[in-house]
Amino acid sequence: MEMKQYTQQKETGDETKNKARYDVAVIGGGPAGYVAAIRAAQLGARVILFERDAVGGTCLNRGCIPTKTYLKTAEYIRHIKGAAARGIIADSHVRVDMPKVVSYKDRVVKTLTAGVSGLLKSSAVEVIKGDARLTAPTEVECGGQSYTADKIILCGGSKVMQLPVPGADSRTVMTSDDILELTQLPQRLAVIGGGVVGCELASAFASFGCKVTVVELCERILANLDRDISAELEKSLKKSGVKILCGRRVERIESRDGETAVVTDQGEVVCDRVLLSAGRTADLSCLGDMAGTIRTEKGKVVVDDAMRTNVPGIYACGDITGRVMLAHAAFKMGETAAENAVTGRDKTCDLRLVPSCIYTHPEAAGVGLTEEQARQKVSGEIRTGFFSMAGNGRSVASGERQGFVKVVADGSGEILGVHMVGGDASEMIAEAAALMAMKATVDEVTERVIHPHPSYSEALGEACADVLGRSIHQPARKPQDR
């Protein structure tokens with residue numbers, strides 16, 4: 001109410017000045033930016049949002065949504081090929097029409113970007129298309145026009161990280177943005193980087209019919225996740241035909257007579273196209289003239305837990321901070337920044353329990369500490385529980401027996417981390433995150449929570465019970481293992 005009154009009072013002043021003056025200006029219309037803009041508007045602020053491309057940012061236009069659309073297409077292919085085992089008589093020979101695959105992906109993206117635009121419009125957020133940059137603590141320049149706002153929220157997002165090796169600029173080398181526009185499948189695809197994006201796209205394009213090789217610098221793929229998840233997904237990817245080369249340093253990329261070679265310190269991979277999937281880095285272009293004033297470290301804007309920068313009145317959230325570069329984390333950061341900018345509060349954003357999901361086949365997800373992290377950071381006893389999806393009725397009935405749920409707990413039974421592969425892991429992990437946010441113990445889950453049967457989620461309950469040596473649907477532990 002206070003902000004609404006404040007806005008109305010300002011609008012009774014000089015009309016010319018008020019046309020370009022706002023309570024809150026948001027630079028960047030990705031997950032952090034559009035959420036921040038809508039939340040600020042809900043609180044009564046007069047809001048303007050600047051976006052250079054299309055609202056929704058990398059996630060909606062070139063990341064999360066397009067890749068999941070491709071992975072769903074890959075799932076259809078697996079189901080078709082496996083239909084005969086279920087008694088379905090069909091020609092299991094499958095080929096992919098990539099122009100139609102791309103077209104379908106584009107329709108999905110268009111539907112969702114239109115939805116976000118509609119949400120912004122319904123909240124009376126003014127949207128300006130173009131490259132915006134700060135010229136002063138309360139001034140934003142875009143398209144040659146200056147806009148004034150009492151508070152600024154920087155949501156510049158991220159950009160593809162370039163690999164500093166010779167040949168990375170070859171015409172046969174693609175970024176994760178480029179590959180989503182590919183209308184002709186390469187026969188052989190080399191993926192440089194075995195992180196989440198690299199593994200997801202490797203999974204999809206292997207299903208489409210490409211011979212895929214993943215080259216990873218670390219000793220294992222998905223090195224930031226629990227080791228058991230890495231091992232299980234490596235096994236799954238190899239089963240689908242993906243070749244995985246870990247502990248390899250890429251030295252250069254060479255073009256040779258119509259083919260390309262990724263040269264590493266331990267040999268080379270010959271292919272038709274190369275996907276660079278070495279990660280993303282914060283895009284700081286929106287800082288403009290404030291680039292030397294707003295504090296940054298290692299190419300990222302530094303903020304406190306209230307999303308405030310070192311400059312009063314300027315906030316930053318999402319990928320530009322480099323804290324947790326995931327869309328759902330950006331949503332929460334955007335809400336926090338908006339509420340603090342409008343109300344002057346000191347609300348903080350706790351990012352310790354942000355789930356991570358990998359949409360390969362099978363899916364994987366994790367939240368909280370890995371077992372290794374728990375043993376390093378937590379004093380006292382660390383206990384784990386494990387349940388194989390091969391013992392889960394829904395998994396067996398669905399023909400998806402691979403995977404597990406692993407629970408990490410301390411001596412008191414408080415759940416410190418949950419890691420899983422299989423089932424609908426990206427959906428199941430939400431329950432784990434909620435339980436951990438409420439500081440639930442494995443004892444409470446085992447005694448008080450009833451999971452539906454048959455469901456994938458039963459595996460979480462069984463894994464919690466296994467911490468206590470009480471899992472019903474798997475062989476009893478030996479005394480020395482309890």
Practice problem: Evaluate the stretch 342-360: report whether one residue or more is touching a helix residue (DSSP H, G or I) at 6+ places or on another chain (Cβ under 8 Å), under 20 Å from Lys68 (Cβ atoms) and among the polar types (S, T, N, Q). | Solution: yes
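Listed here are the residues, each with its yes/no results for (1) at pLDDT 95 or above; (2) in contact with a Leu (Cβ under 9 Å, 6 or more places away or on another chain); (3) not in a loop (DSSP other than H, G, I, E, B).
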{"residue": "Val407", "(1), (2), (3)": "yes, yes, yes"}
{"residue": "Glu447", "(1), (2), (3)": "yes, no, yes"}
{"residue": "Ser455", "(1), (2), (3)": "yes, no, no"}
{"residue": "Glu462", "(1), (2), (3)": "yes, no, yes"}
Quiz item: Out of all the residues in the stretch 272-316, which are part of a strand (DSSP E or B), within 20 Å of Gln162 (Cα to Cα) and not β-branched (Val, Ile, Thr)?
Solution: Arg273, Leu275, Leu276, Arg280, Ala282, Glu297, Lys300
Quiz item: Of all residues in the stretch 434-473, which are surrounded by fewer than 18 Cβ atoms within 10 Å (Cβ to Cβ) and touching a strand residue (DSSP E or B) at 6+ places or on another chain (Cβ under 8 Å)?
Solution: Lys439, His473
Practice problem: Kindly provide the set of residues from the stretch 390-415 that are among the β-branched types (Val, Ile, Thr) and more than 30 Å from Ile80 (Cα to Cα), ordered by number. | Solution: Val407, Val408, Ile415
Exercise. Working only within the stretch 387-412, note down all residues that are surrounded by fewer than 18 Cβ atoms within 10 Å (Cβ to Cβ) and either closer than 13 Å to Val442 by Cα or touching a residue at least 40 places away in the same chain (Cβ under 8 Å) (or both).
Key: Gly393, Ala397, Gly399, Gly411, Ser412
Quiz item: Only one residue in Gly411, Gly403 is in contact with a helix residue (DSSP H, G or I) (Cβ under 7 Å, 6 or more places away or on another chain) and of a type in the set (Gly, Ala, Ser). Which one?
Solution: Gly403
Quiz item: In the stretch 153-161, is there at least one residue being more than 15 Å from Ser277 (Cβ to Cβ), part of a strand (DSSP E or B), assigned by TED's automatic domain parsing to the domain that holds Glu339 and in contact (Cβ under 8 Å) with a residue 40 or more places away in the chain?
Solution: yes
Quiz prompt | Unique residue being of a type in the set (Gly, Ala, Ser) and either part of a helix (DSSP H, G or I) or surrounded by 17 or more Cβ atoms within 10 Å (Cβ to Cβ) (or both) when the list is Ala85, Ala90 | solution = Ala85
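Yes/no matrix, rows are residues, columns are (1) on the phi < 0 side of the Ramachandran plot; (2) in contact with a strand residue (DSSP E or B) (Cβ under 6 Å, 6 or more places away or on another chain); (3) touching a residue at least 40 places away in the same chain (Cβ under 8 Å):
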position: Arg308; (1), (2), (3): yes, yes, no
position: Gly322; (1), (2), (3): no, yes, yes
position: Lys332; (1), (2), (3): yes, no, no
position: Thr336; (1), (2), (3): yes, no, no
position: Cys349; (1), (2), (3): yes, no, yes
position: Ser356; (1), (2), (3): yes, yes, yes
Quiz item: Name the residues in the stretch 129-163 that are at pLDDT 95 or above, closer than 27 Å to His328 by Cβ and surrounded by fewer than 18 Cβ atoms within 10 Å (Cβ to Cβ), would you?
Solution: Lys129, Asp131
Exercise. Determine whether Ile320 is assigned to a loop (DSSP other than H, G, I, E, B), of a type in the set (A, V, I, L, M, F, W, C) and modelled with pLDDT of 95 or more.
Key: no
Quiz item: Quick check: is even one residue across the stretch 46-69 at pLDDT 95 or above, more than 29 Å from the chain's Cα centre (by Cα) and not assigned by TED's automatic domain parsing to the domain that holds Ile179?
Solution: yes
Quiz prompt | Breaking point among (1) of a type in the set (A, V, I, L, M, F, W, C); (2) without any contact (Cβ under 8 Å) to a residue 40 or more places away in the chain; (3) surrounded by 19 or more Cβ atoms within 10 Å (Cβ to Cβ), for Val242 | solution = (2)
Practice problem: Could you check, for the stretch 273-291, whether at least one of its residues is of a type in the set (Lys, Arg), at pLDDT 95 or above and assigned by TED's automatic domain parsing to the domain that holds Gln187? | Solution: yes
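The values are calculated or read from the model by the stated rules, or taken from the named source; none is laboratory data. Predicted, not measured: the structure shown is a model, and the values here were computed from it. Don't worry about glycine lacking a Cβ; one is built from the backbone with ideal geometry, like all the others, and counts go over all protein chains shown.
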